[in-house]
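The values are calculated or read from the model by the stated rules, or taken from the named source; none is laboratory data. Note that the coordinates shown come from a computational prediction; the quantities given were computed from them, not determined experimentally. Here Cβ is always computed from backbone atoms with ideal geometry, including for glycine, and neighbour counts include all displayed protein chains. In case anyone asks, the SASA skips ligands and DNA or RNA and just uses the protein heavy atoms, side chains included. Shrake-Rupley method; radii C 1.70, N 1.55, O 1.52, S 1.80 Å.
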Amino acid sequence: MRVFKFCWGYLKKYKLQIVLTFLFLMLNSLLAMVSPYISGLIVDDVITAGKHELLFRLLAILISCVLLKSLARYLALMLIEKTSQDFLFDVRNDVYSKMQNMDFSYFDRTKTGDIMTRISGDLQVIRQFIAGSATVVFESMFSFTFAIIILTRMNLMFTLLLLSVTPFIGYFTFSMTNKTKHLKFDWHEQVTRLNSVVQENISGNRVVRAFANEDYEIEKFSKENEGYKREYNRWVDIWKKYLPIINFLGGMMTVIIVLVGGLLVIYEKLSYGELVIFTSLSGTLSVPINMANWLSDQVQKFFTSGEKVIELMIAEPRIQDKEGALEPEKIHGQVEFRNVSFSYNGEKVLKNINIFVKPGQTIGIMGPTGSGKSTLVSLIGRFYDCTEGEILIDGINIKNISKKTLRKNIAIAMQDTFLFSDTIEGNIAYGVPDADFESIKNSATVADAHEFIVKMPEGYDTIVGERGVGLSGGQRQRVSLARALIKDAPILILDDITSSVDVETEQKIQAALKEVYKGKTTFIISHRISAVRNADMIYVLENGRITEQGTHEELLKNDGYYKSVFMIQSGQSAEQSKTLSKVQAGEKIAGKQTEEGNKEETGTQIEEQAVVQTVAKKAKAAV
Ligand SMILES: Nc1ncnc2c1ncn2[C@@H]1O[C@H](COP(=O)(O)OP(=O)(O)OP(=O)(O)O)[C@@H](O)[C@H]1O
Ligand SMILES: [Mg+2]
């Protein structure tokens, strides 16, 4: 029922078109009665009674009615086709807008193929039902009613006899529909699974080729395809049992007409002309019966698809704005995590996180893979809501700030560098569509992307393929970084954005970014010490907990994760590292008398020298 309600919600604004369609359909059905009726008159009045002069008059009426009927049907079909297309347009827009509202967790648990099936296949099924099946149903309902009126007026008993098979047919059709109802849902699920396999195969075609796993993919598809066939056959098996009975009962109508109609004519209870009318209109009476199978299939498809679309439409995002959510005009960028914990589906991945960041500070986040770094920063923009504790921006709990305002103030370059199939310029300006070329170029320059972009055949107008195909991994990362930078938001989150670029490029980007960081609260996630070493505070996450925190120098004094990474990355032994720590400590004391910046420079130089020396040593050893 809710499927009808859902459709009516959209269709009611096309009331006039729908009423007109009904009227034209009614006219069409009424005029469809004229041909059999006139045929009857021709047999009785022209042939039997010999009133030959009537023939041309009757023919003229017949032709006019046929013309008018065609026109009425044409208009009805045109109107309903247009209305159903408008309906589809409205629903599709709403479904798409609804999808934009859904949060990360919805997409985490819903397959792309599933959503695609709903947006394309299911909506089309609903439209076809409105424009096709429903129209045919109403058309035959009107014809059925008119035929009954005409026939009962001619011979009530004969009509009732003809209709006597209808309840039996109704019973069998109803039983069949009942038995196949749940199968339709299973079948729909199977269609979705099949679509998902195809969609994943296309998206992951490079992985498939790289692993030469085509045979496995074909097998996977065959399995789902087999499942599709199996589900459909289960439905056909039931259908096969009922169809002969329903067809037999439908055929009984002809037998009744020949037998009873013939007897009535013999006993002069019915004229020849009336038998002709009965014979022609019995077709109209049997249309709904003949349509029963087809209609039950259409109705089930309509309900199944309708339910699927409604499911999507009523799904509520878990993250919603509170009533009267705040929309602060300016966000300064103070970020605080207070006893924050977070679980994905019950599994705790962040435990009791406490972080306080002053506006304009740079925070480095390091930690082993899977330790929760990306999850941590995704909480700032409320892509997920923390399960315990609270996150505050400028002292306001982010749950009290409107999502739009919050996200407008956060620029994020994600670890998964997704690019749209658009020009490079379009990709960079994604968050600021009216950005002028100068600012696009500037952010590309900071991200060290400008140079390679201008070398491309169409420069900034070069179209990149789906997900950024056509660019190297490092190039994609730089375009994605430029996309975040152009937003010029007070909070900047860079999630492992230089993992695919060489050290030299990374240093160039770091230097340029230093300018951009100024005044912005910046979170830098990286596995490389070089990316976070200059941060005001570095947090080390291990297993969802903060295990170390401090500046680069402070962390080097600990014998923890940070230091071990530092040692590995600078290629030093533990012994060398200890010496380095001592040297650094000495430098630090000396540095106290110098400027803050100089102190960092000195530390940097020592480590860089150490790196260079180790690399040189290794190179020698290799030679
Ligand atoms: N959408 C998700 N649904 C369920 N679990 C998830 C999801 N995303 C991440 N996880 C799990 O949460 C944990 C932390 O993941 P996260 O992506 O935050 O790690 P990370 O520190 O960023 O790792 P990396 O350094 O590899 O990027 C992992 O165990 C991961 O399996
Ligand atoms: Mg990550």
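Separation of the alpha carbons by more than 24 angstrom is noted, of K82/K179; K98/K330; K373/K399, for K82/K179; K98/K330. Taking R0 as 41 Å, what's the FRET efficiency between L54 and W8 from their Cβ-Cβ distance, rounded to 0.05? E(calc), rounded to 0.05, equals 0.25.
3J(HN,Hα) couplings calculated from phi for region 212-218 with the Karplus curve 6.51 cos²θ - 1.76 cosθ + 1.60 (θ = phi - 60°) are, in sequence order, 6, 9, 4, 5, 4, 5, 5 Hz; Gly and Pro show x. Database remark: amide H of E542 closer than 5 angstrom to the amide H of T547 (H placed geometrically; neighbours at sequence offset of 5 or more, or on other chains; Pro and chain starts carry no H). Taking the accessible area of region 2-314, probe 1.4 Å, and keeping the other protein chains in place, the carbon and sulfur fraction comes to 67%.
Starting from the coordinates of the alpha-carbon atoms of region 2-314, obtain the Kirkwood hydrodynamic radius over all distinct pairs and give the value in Å to one decimal. Working shown, then result.
Details: mean 1/r = 0.0433 Å⁻¹.
Taking the inverse mean of 1/r over all distinct Cα pairs, region 2-314 comes out at 23.1 Å.
Across all directions, the average projected area of the convex hull around the alpha carbons of region 268-327 is 8.8 nm². With all protein chains present, calculate the accessible area of Y96 using a 1.4 Å probe and round the result to the nearest 10 Å². Rounded to the nearest 10, that gives 130 Å². For region 354-551, the share of DSSP beta bridges that are antiparallel, to the nearest 5, is 30%.
To the nearest 0.05, what FRET efficiency results for N101 and V66 with a Förster distance of 56 Å applied to their C-beta separation?
Values: r = 52 Å, r/R0 = 0.94.
With a Förster radius of 56 Å, E is 0.60.
Ignoring everything except DSSP H segments at least 4 long, calculate the 222 nm mean residue ellipticity for the chain; use -39,500 (n - 2.57) per segment, divide by total residues, nearest 500. Write out the running numbers ahead of the final one.
Numbers: 26 runs with 392 residues, N = 623.
My calculation for the chain gives -20500 deg cm²/dmol from helical runs alone.
Taking 0.36 nm per residue of separation and subtracting the Cα-Cα distance, what length does fully extending E390 through K220 add?
On the way: separation 170, 0.36 × 170 = 61.20 nm, distance 4.45 nm.
Extending this stretch completely gives an extra 56.7 nm.
Under the rule that an exposed site lies in a DSSP loop and has at most 15 other Cβ atoms within 10 Å, name the longest stretch of the chain with no GluC sites (Glu not before Pro) of that kind, not counting the sites themselves.
Working: sites that count: E53, E268, E323, E329, E458, E595.
Counting only loop sites that pass the neighbour cut-off, the longest clear stretch is 54-267.
Relative to the longest principal axis of the Cα atoms of the chain, helix 54-101 runs at roughly 20 degrees.
Scalar couplings 3J(HN,Hα) for region 12-23, obtained by applying the Karplus form with A = 6.51, B = -1.76, C = 1.60 to θ = phi - 60°, are 5, 6, 9, 3, 4, 4, 5, 4, 4, 4, 4, 4 Hz; x denotes Gly and Pro. The candidates V287, V236, V46, V255, arranged from most to least accessible area with a 1.4 Å probe in the full protein assembly, appear as V255, V287, V236, V46. The modelled label-to-label distance for the pair T279/H182, using points 7 Å beyond Cα in the direction of Cβ, is 4.8 nm.
Ordered by 1.4 Å accessible area with all protein chains kept, R478, R73, R318 run largest first as R318, R73, R478. Across region 222-298, Cα-Cα distances exceeding 14 Å account for 71% of all pairs.
Applying the Karplus relation 6.51 cos²θ - 1.76 cosθ + 1.60 with θ = phi - 60° to region 269-277 yields 3J(HN,Hα) values of 8, 9, 7, 4, x, 5, 5, 4, 4 Hz, where x marks Gly and Pro. Look at the dipole of region 354-551 built from charges on Cβ: of Q549, T522, Q415, the Cα furthest out on the positive end belongs to Q549. A Förster radius of 30 Å, combined with the Cβ-Cβ distance separating N352 from R109, puts the computed FRET efficiency at roughly 0.70. Bridges between two residues of the chain, per DSSP, are antiparallel at a rate of about 55%.
For I401, the amide hydrogen comes within under 5 Å of the amide hydrogens of L326, counting only partners 5 or more places away or on other chains and with H modelled in the peptide plane. With a 1.4 Å probe and all protein chains kept in place, how much accessible area does I61 have, in Å² rounded to the nearest 10? Estimated to the nearest 10 Å², I61 gives 80 Å². When all protein chains stay in place and ligands, DNA and RNA are ignored, the 1.4 Å accessible-area order of F211, F452, F356, F523, largest first, is F211, F356, F452, F523. Quick one: if you stick a label point 7 Å off each Cα along the C-beta vector at T423 and R545, how many nm between them? Between T423 and R545, the simple spin-label model gives 5.3 nm. Within the chain, the ratio Rg/Rh, alpha carbon atoms throughout and Rh by Kirkwood, equals 1.20.
Work out how much length E327 to N397 would gain on full extension: take 0.36 nm times their residue separation and subtract the Cα-Cα distance, in nm to one decimal.
Values: separation 70, 0.36 × 70 = 25.20 nm, distance 1.22 nm.
24.0 nm is the gain from fully extending E327 to N397.
If one puts a single equal scatterer on every Cα of region 354-551 and applies the Debye formula without solvent, what log₁₀ I(q)/I(0) results at q = 0.12, 0.16 Å⁻¹? So the normalised log intensities are -0.58, -1.03. In summary, the lysines within cross-link reach of K269, defined as a Cα separation below 27 angstrom excluding same-chain residues under 8 places away, comprise K51. One chain, two ends: I149 and T254. Fully extended at 0.36 nm per residue, the span grows by 35.8 nm beyond their Cα-Cα distance.
Calculate, for region 2-314, the solvent-accessible area per residue in square angstrom, rolling a 1.4 angstrom probe over the heavy atoms of the protein chains.
On the way: 17150 Å² over 313 residues.
For region 2-314, the per-residue accessible area is 55 Å².
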